[in-house]
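**Student:** Below you'll find the structure I mean.
The values are calculated or read from the model by the stated rules, or taken from the named source; none is laboratory data. In this text, all values refer to a predicted model and were calculated from it rather than measured experimentally. Don't worry about glycine lacking a Cβ; one is built from the backbone with ideal geometry, like all the others, and counts go over all protein chains shown.
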Amino acid sequence: MGFIESEEDIMKLIEKYLSYVLTEIQKSCKEELQRLGVVVSVPTKIPRLSLREARKILKEKGKIIPEHEDLDAEGERMIGAYVKEKYKCDFVFMLDYPWTKRPFYHMRPEKDKSVTKSFDLVYKGVEIATGAQREHRLEILEAQCKEKGLDLTKMPFYRDIFRYGCPPHGGVGLGLDRITERLLDLGNIREAILLPRDPERLTP
């Protein structure tokens, strides 16, 4: 997504996307949803929580997440339950992920270089998407690459994109199988995939 002001633009796009998709599912799949006993909740405004806020909430509930660490599966479930109770919403954007846990191309805010302008989207206690504003300034991208122990000159095809000019931009990876699994409360993502693949199953 090009010519963005911040990662907030990406989150707003996701809100519109989810609202549209879930509304259409409500309209076109009434019989199937009724048969499965599923009630679809359509978000309008998804709450935002920084990772620091989430750590504080979890600490009050007796779970400690170390500084500069991501939430584990239990932490995500607990935050999902907290948001559902407080905001009556199945979704929450988790913000300000640590630089140590994100790739070199994620942008960092000027005020705090220890975090990134990135987010995870948690749906019913499970992460379903990761997104960020990405760095478009070549000199900063090169410096961040070195911090991660990488050499951008070995990726000329990628480097040239920024040498010749790249607008402020961002993106998101959204797991459709994860959305399906959470929407239907299947309990296992393999149930949402026609032919699931994992280290123990390559065929059929």
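**Student:** Take the residues in region 162-178 that are surrounded by 13 or more Cβ atoms within 10 Å (Cβ to Cβ) and without any contact (Cβ under 8 Å) to a residue 60 or more places away in the chain; name whichever of them is nearest to Cys89 (Cα to Cα).
**Tutor:** Arg178
**Student:** Yes or no: region 109-118 includes at least one residue that is of a type in the set (Gly, Ala, Ser) and more than 23 Å from Val83 (Cβ to Cβ). Please lay out each step first, then the result.
**Tutor:** In the first step, residues of region 109-118 are kept if they are of a type in the set (Gly, Ala, Ser); the result is 114, 118.
Subsequent filtering for residues that are more than 23 Å from Val83 (Cβ to Cβ) retains 114.
Checking region 109-118: at least one residue is of a type in the set (Gly, Ala, Ser) and more than 23 Å from Val83 (Cβ to Cβ).
**Student:** Now, a different point. Could you go through region 157-167 and let me know if any residue there is touching a strand residue (DSSP E or B) at 6+ places or on another chain (Cβ under 6 Å) and of a type in the set (D, E, K, R). If you could, list the steps in order and put the result at the bottom.
**Tutor:** Of all residues in region 157-167, those touching a strand residue (DSSP E or B) at 6+ places or on another chain (Cβ under 6 Å) come to 167.
Next, from what is left, pick out any that are of a type in the set (D, E, K, R): none.
No, region 157-167 contains no residue that is touching a strand residue (DSSP E or B) at 6+ places or on another chain (Cβ under 6 Å) and of a type in the set (D, E, K, R).
**Student:** Please go through (1) free of Cβ contacts under 8 Å to residues at least 60 places away in the same chain; (2) over 12 Å from the mean Cα position of the chain (by Cα); (3) on the phi < 0 side of the Ramachandran plot for Tyr97 and return the number of the only condition it doesn't satisfy.
**Tutor:** Unmet for Tyr97, out of (1) free of Cβ contacts under 8 Å to residues at least 60 places away in the same chain; (2) over 12 Å from the mean Cα position of the chain (by Cα); (3) on the phi < 0 side of the Ramachandran plot: (2).
**Student:** Taking region 149-161 on its own, how many of its residues are part of a helix (DSSP H, G or I) and either in contact (Cβ under 8 Å) with a residue 12 or more places away in the chain or of a type in the set (A, V, I, L, M) (or both)?
**Tutor:** So in region 149-161, the residues part of a helix (DSSP H, G or I) come out as 152-154, 156-161.
Filter again for either in contact (Cβ under 8 Å) with a residue 12 or more places away in the chain or of a type in the set (A, V, I, L, M) (or both), leaving 152, 159, 161.
So the count comes out to 3.
**Student:** Does Ser41 qualify as being loosely packed, with under 15 Cβ neighbours inside 10 Å, more than 19 Å from Ser118 (Cβ to Cβ) and in contact (Cβ under 8 Å) with a residue 24 or more places away in the chain? Spell out the reasoning first.
**Tutor:** Values: loosely packed, with under 15 Cβ neighbours inside 10 Å: yes; more than 19 Å from Ser118 (Cβ to Cβ): yes; in contact (Cβ under 8 Å) with a residue 24 or more places away in the chain: yes.
Criteria met by Ser41.
**Student:** Mind checking whether some residue in region 105-128 is part of a helix (DSSP H, G or I), surrounded by 15 or more Cβ atoms within 10 Å (Cβ to Cβ) and not small (Gly, Ala, Ser)?
**Tutor:** If we filter region 105-128 for residues that are part of a helix (DSSP H, G or I), which is where we start, we get none.
No, the conditions are met nowhere in region 105-128.
**Student:** So which pairs qualify, if the first residue must be in region 102-125 and on the phi > 0 side of the Ramachandran plot, the second must be among the small types (Gly, Ala, Ser) and surrounded by fewer than 18 Cβ atoms within 10 Å (Cβ to Cβ), the Cβ gap must be under 7 Å, and the two must be at least 6 apart or on different chains?
**Tutor:** What qualifies is Gly125/Ala81.
**Student:** Go over the candidates Glu85, Glu31, Glu74, Glu24 one by one and state the one that is within 23 Å of Gly131 (Cα to Cα), loosely packed, with under 15 Cβ neighbours inside 10 Å and either modelled with pLDDT of 95 or more or out of contact with any strand residue (DSSP E or B) (no Cβ under 7 Å at 6 or more places or on another chain) (or both).
**Tutor:** Numbers: Glu85 fails: within 23 Å of Gly131 (Cα to Cα); Glu31 fails: within 23 Å of Gly131 (Cα to Cα); Glu24 fails: within 23 Å of Gly131 (Cα to Cα).
Residue meeting the stated conditions: Glu74.
**Student:** Quick check, is Leu202 surrounded by fewer than 18 Cβ atoms within 10 Å (Cβ to Cβ) and closer than 30 Å to Val38 by Cβ? First the steps, then the outcome.
**Tutor:** Numbers: surrounded by fewer than 18 Cβ atoms within 10 Å (Cβ to Cβ): yes; closer than 30 Å to Val38 by Cβ: no.
For Leu202, the condition - surrounded by fewer than 18 Cβ atoms within 10 Å (Cβ to Cβ) and closer than 30 Å to Val38 by Cβ - is not met.
**Student:** What is the one condition in (1) touching a Leu at 6+ places or on another chain (Cβ under 9 Å); (2) closer than 17 Å to Arg182 by Cα; (3) surrounded by fewer than 13 Cβ atoms within 10 Å (Cβ to Cβ) that Ile64 does not satisfy?
**Tutor:** (2)
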